[in-house]
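Visitor: Starting off with a structure, shown below.
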């Protein structure tokens, strides 16, 4: 066995270049062309290859050191045959330096490649073991203007894991992406459930948002999210990522409905209930679910079948001090307007007091989120999976409506329906909203 010194080859017109990665350790057995160091200049990041196969000893370089052409890296214990190999005519051919190769056009995302074998030998003044061609292999380098900043080794590691480096925040010097950054990114995606399976589909791996220290801009107060918001937030994120949403906007004339509700106010008070437009909307929705059964359904777990339901349970979003909850009113089709009003009052009180049971929150077929008592014109509610549709009700207001000869003041209520486009197409969606609007405009149709 012979011992040779491994030196830094020609790196161009640089007196010193930073060592940003040491890829070998004492005792390692390396092969010809294996990368031993990663260097970074102002223009490029490049890897220094091994010019011989052998065993590493007396390693003298560490991360943060500055090196130049001829700097001592380590000793290599190589075979006598490799050192004694004759120097053939190919050594006389002019070969590019490491810096020249690094300056050649190369795609940032190409797989790591090795320097031309002849370059290694000529740069350290050692004989070549076998003949080589004149076409140099490009150095896998990272230009300073790239979108992300990482060494070729790190980029190769990211490719193995299928990680897009544009999604990873670097914690190294100058924002450099390290292997630990990639590992942390993969871990965060796995913990966040970026690939959850819902209704036969798999959500895409969603990159996490960058962490920002907001205190650098001013005073910040940290407030813990309520338990309800933590639970509902996770559920809504899953639904949004896995369901292809479409929202259909519409409006209807509820002038007659409101006149009837006011006429029934005294009778409702005697029954001990408060009659609101919401109970009429619930009845209209049930009529719509009966006429359009695809809205009263859920997808099978494999996403290949539609499970149509023969019952009509409506979830009603209730605003509470701790967040939004959706208790379920069961068998809406079998209950009267007054019965629904009483049950809504009871469920709303339980929701505000935090006394809803799991049964109160399960079994829904379709949900309604009403903001009519607050305001707004339109909004896009998120489907409450495993349901396939949800209705959003906004505040009604008086608007002039042309009756053919003059404008008449009418109470117009805007509403919207978000639905799962895998189950419901646009034509069916607008027919459903038109049906709801017609039944709310003339509540006598609910008796048919």
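The values are calculated or read from the model by the stated rules, or taken from the named source; none is laboratory data. These numbers come from a predicted model, not from an experiment. No Cβ is skipped: glycine too gets one built from the backbone with ideal geometry, and neighbour counts run over all protein chains shown.
Visitor: Looking only at the range 262-288, count how many residues are touching a residue at least 24 places away in the same chain (Cβ under 8 Å) and either within 44 Å of the chain's Cα centre (by Cα) or in a helix (DSSP H, G or I) (or both).
Guide: Of the residues in that region, 16 qualify.
Visitor: Taking residue 311 as meeting all but one of (1) outside any helix (DSSP H, G or I); (2) at pLDDT 95 or above; (3) under 34 Å from the mean Cα position of the chain (by Cα), write down the number of the exception.
Guide: Result: residue 311 passes all but (3).
Visitor: Out of the range 352-375, which residues are under 31 Å from the mean Cα position of the chain (by Cα) and either in contact (Cβ under 8 Å) with a residue 60 or more places away in the chain or outside the structural domain of residue 284 (by TED's automatic domain parsing) (or both)?
Guide: Within the range 352-375, 365, 366, 368, 370 meet the criteria.
Visitor: Here is a further query. Of all residues in the range 411-448, how many are over 43 Å from the mean Cα position of the chain (by Cα) and in contact (Cβ under 8 Å) with a residue 12 or more places away in the chain?
Guide: The initial filter retains those residues of the range 411-448 that are over 43 Å from the mean Cα position of the chain (by Cα), namely 442-448.
Still in the running and in contact (Cβ under 8 Å) with a residue 12 or more places away in the chain: 442-443, 445-446.
Of the residues in that region, 4 qualify.
Visitor: Taking the range 409-430, which residues are exposed (fewer than 14 other Cβ atoms within 10 Å of the Cβ) and farther than 19 Å from residue 386 by Cα?
Guide: The answer is 409, 426, 427.
Visitor: Against the definition (surrounded by fewer than 19 Cβ atoms within 10 Å (Cβ to Cβ), touching a helix residue (DSSP H, G or I) at 6+ places or on another chain (Cβ under 8 Å) and modelled with pLDDT under 95), how does residue 350 come out, yes or no?
Guide: yes
Visitor: Pick from 408, 378: which is out of contact with any helix residue (DSSP H, G or I) (no Cβ under 7 Å at 6 or more places or on another chain) and touching a residue at least 12 places away in the same chain (Cβ under 8 Å)?
Guide: 378
Visitor: While we're looking at this one, here's another question. Mind checking which pairs have a first residue in the range 216-240 that is more than 22 Å from residue 389 (Cβ to Cβ) and a second that is surrounded by 12 or more Cβ atoms within 10 Å (Cβ to Cβ), Cβ under 6 Å, 6 or more apart or different chains?
Guide: 226/322; 226/323; 228/322; 228/323; 229/323
Visitor: Could I ask something else about it? Failed condition for residue 390, given (1) closer than 18 Å to residue 252 by Cβ; (2) more than 39 Å from the chain's Cα centre (by Cα), with all others met?
Guide: If we test residue 390 against (1) closer than 18 Å to residue 252 by Cβ; (2) more than 39 Å from the chain's Cα centre (by Cα), just (2) comes out false.
Visitor: Just to be sure before I move on: is residue 340 in contact with a helix residue (DSSP H, G or I) (Cβ under 8 Å, 6 or more places away or on another chain), surrounded by 14 or more Cβ atoms within 10 Å (Cβ to Cβ) and within 18 Å of residue 243 (Cβ to Cβ) in the structure I sent?
Guide: No, not satisfied.
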